[in-house]
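Notes follow the structure.
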Amino acid sequence: MFDGIHEVVLPVAHAEGALGLYRDRMGFRVEEDLGHDADSTRALALQRLWGLPGAVVREVRLHKPGATGGAVRVVEVPGLPHPSQPGRPDRIGPYALDFYLRDAAGVEARLAAGGHDFTSEAVHYDLPGTTLPVRERMLRAPASGLLHACVQYRPRGTRCVLDHVEVEETSEVVAVVFLTDRFEEAGAFARDVLGGQEYFAGRFDGPAVETMLGLEPGEGFAATLYRGPSSANARLEFGEVLPGGPAPDPVPRVVARIEVDDLDRVVGALADGRHGTVTGDLEVEGRRHVGLASCYGAVLDLTART
């Protein structure tokens, strides 16, 4: 069983561009900053594990003190092609990271002043299937080709580091969104193989969502979110991709590192190849890691829970 996404790995051509957002604007703390020779054992191991086209020469792990997951690991891969710019949810693969903001308008103003831009002004809607109000604004993150959902934090209504660390204005990563054309199968994989608990299923549509994501009137997409018993880490979200979009990006722009209680069982479930290609089964710093380029638009780094 897993309890969410322990760490979000972001491969980029130049680390400093991404660090300018997470470290300098969103208040993530640098926990470790490691440099590697391109032909070192670790650089080549990570390249294989994550299915990257080049070796990892730098890793910077950023986290929110007090959070038990949802950390960010920016990894520099020289020569990595630049990602296409984020837009409509019509391309299979990673689409967005979600964050809660204590004072969303204030944080957004500082991001804008620092040169970051958004897809639209803030929108308001009810969470599908509920009467819970959502205030959301989509930030473009061009270094990774992702959107970042900036969601107004609701005290005691959302689980994240903001619940218990009053000085933090921005949460850890609270969800990672992957788009897939095998939506029902992706849900079965999250439940039956990873052991995730489905706690939300709904359809995101309506005028507010259309404005925020550049959708045509009447367009929308189904989504499901998965978490574990304590919901301490970032949630795994699958969204049903809109038809007619570009081909999937050949570069894994996000790798979700997930800790599981029963790694051997999960590895056994992957052995027949139905869920994708195992990109590596190796030891990194004394821990076993299994890489999976799944059939569901998500690239995973699976390891045993510490």
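The values are calculated or read from the model by the stated rules, or taken from the named source; none is laboratory data. Values in this document were obtained by computation on a predicted structure and should not be read as measured data. For neighbour counting, all protein chains shown are included, and Cβ atoms are generated from backbone atoms with ideal geometry for every residue, glycine included.
Here are some conditions: (1) buried (at least 18 other Cβ atoms within 10 Å of the Cβ); (2) free of Cβ contacts under 8 Å to residues at least 60 places away in the same chain. Residue 126 meets all but one. Which one does it not meet?
Here residue 126 meets the rest and fails (1).
Pairs, please: C-beta under 8 Å, at least 6 apart or cross-chain, first residue in a helix (DSSP H, G or I) and in region 6-21, second polar (S, T, N, Q)?
18/144
Going through region 198-213 one residue at a time, which ones are at pLDDT below 95 and buried (at least 16 other Cβ atoms within 10 Å of the Cβ)?
Within region 198-213, 200 is the sole residue that qualifies.
Considering only residues of region 22-56 that are touching a residue at least 40 places away in the same chain (Cβ under 8 Å) and assigned to a helix (DSSP H, G or I), which is nearest to residue 71 (Cα to Cα)? Before you say what the answer is, go through the steps one by one.
Our first condition is that a residue be touching a residue at least 40 places away in the same chain (Cβ under 8 Å); within region 22-56, this holds for 22, 24-28, 31, 38, 42, 45-46, 48-53, 56.
If we keep only those that are assigned to a helix (DSSP H, G or I) too, we end up with 22, 42, 45-46, 48-50.
Values: 22: 10, 42: 20, 45: 21, 46: 18, 48: 22, 49: 19, 50: 17 Å.
Checking each candidate, the answer is 22.
Wholly within region 115-170, which strands (runs of 3 or more DSSP E) include no fewer than the required count, namely at least 3 residues that are closer than 22 Å to residue 85 by Cβ? First the steps, then the outcome.
Details: elements: 123-126, 133-141, 146-152.
Because the criterion is at least 3 residues that are closer than 22 Å to residue 85 by Cβ, the strands (runs of 3 or more DSSP E) in region 115-170 that meet it are 133-141, 146-152.
What's the number of the condition residue 234 fails, among (1) within 18 Å of the chain's Cα centre (by Cα); (2) within 25 Å of residue 142 (Cβ to Cβ); (3) modelled with pLDDT of 95 or more?
(3)
Can you tell me how many residues in region 225-250 are closer than 16 Å to residue 298 by Cβ and either crowded, with 19+ Cβ neighbours inside 10 Å or touching a Cys at 6+ places or on another chain (Cβ under 8 Å) (or both)? Reasoning before the result, please.
So the first thing to find is which residues in region 225-250 are closer than 16 Å to residue 298 by Cβ, and the list is 225-227, 233-241, 248-250.
Next, from what is left, pick out any that are either crowded, with 19+ Cβ neighbours inside 10 Å or touching a Cys at 6+ places or on another chain (Cβ under 8 Å) (or both): 225-227, 233-241.
Of the residues in region 225-250, 12 are closer than 16 Å to residue 298 by Cβ and either crowded, with 19+ Cβ neighbours inside 10 Å or touching a Cys at 6+ places or on another chain (Cβ under 8 Å) (or both).
Quick test for you: out of 201, 208, 186, pick the one residue that is in a strand (DSSP E or B) and either touching a strand residue (DSSP E or B) at 6+ places or on another chain (Cβ under 9 Å) or aromatic (Phe, Trp, Tyr) (or both). Show your work before the answer.
Numbers: 208 fails: in a strand (DSSP E or B); 186 fails: in a strand (DSSP E or B).
Exactly one residue qualifies, and that residue is 201.
Out of 222, 188, which single residue is over 28 Å from residue 64 (Cα atoms), surrounded by fewer than 18 Cβ atoms within 10 Å (Cβ to Cβ) and without any contact (Cβ under 8 Å) to a residue 12 or more places away in the chain? Spell out how you get there, then give the answer.
Numbers: 222 fails: without any contact (Cβ under 8 Å) to a residue 12 or more places away in the chain.
From the options 222, 188, the qualifying one is 188.
Only one residue in 249, 281, 264 is free of Cβ contacts under 8 Å to residues at least 12 places away in the same chain and acidic (Asp, Glu), so which one is that? Give the derivation first.
Working: 249 fails: free of Cβ contacts under 8 Å to residues at least 12 places away in the same chain; 281 fails: free of Cβ contacts under 8 Å to residues at least 12 places away in the same chain.
Only one candidate passes the filter, namely 264.
Can you tell me which of 135, 156, 182 is surrounded by fewer than 22 Cβ atoms within 10 Å (Cβ to Cβ) and touching a His at 6+ places or on another chain (Cβ under 7 Å)? Reasoning before the result, please.
Values: 156 fails: touching a His at 6+ places or on another chain (Cβ under 7 Å); 182 fails: touching a His at 6+ places or on another chain (Cβ under 7 Å).
Residue meeting the stated conditions: 135.
Run down 59, 32, 76 and say which single residue is touching a helix residue (DSSP H, G or I) at 6+ places or on another chain (Cβ under 6 Å), of a type in the set (Asp, Glu) and either buried (at least 21 other Cβ atoms within 10 Å of the Cβ) or modelled with pLDDT of 95 or more (or both). Spell out the reasoning first.
Numbers: 59 fails: touching a helix residue (DSSP H, G or I) at 6+ places or on another chain (Cβ under 6 Å); 32 fails: touching a helix residue (DSSP H, G or I) at 6+ places or on another chain (Cβ under 6 Å).
After ruling out the rest, the residue left standing is 76.
Return yes or no: is residue 100 more than 25 Å from residue 267 (Cα to Cα), in a strand (DSSP E or B), touching a helix residue (DSSP H, G or I) at 6+ places or on another chain (Cβ under 7 Å) and not hydrophobic (A, V, I, L, M, F, W, C)?
Judged against the criteria, residue 100 is a match.
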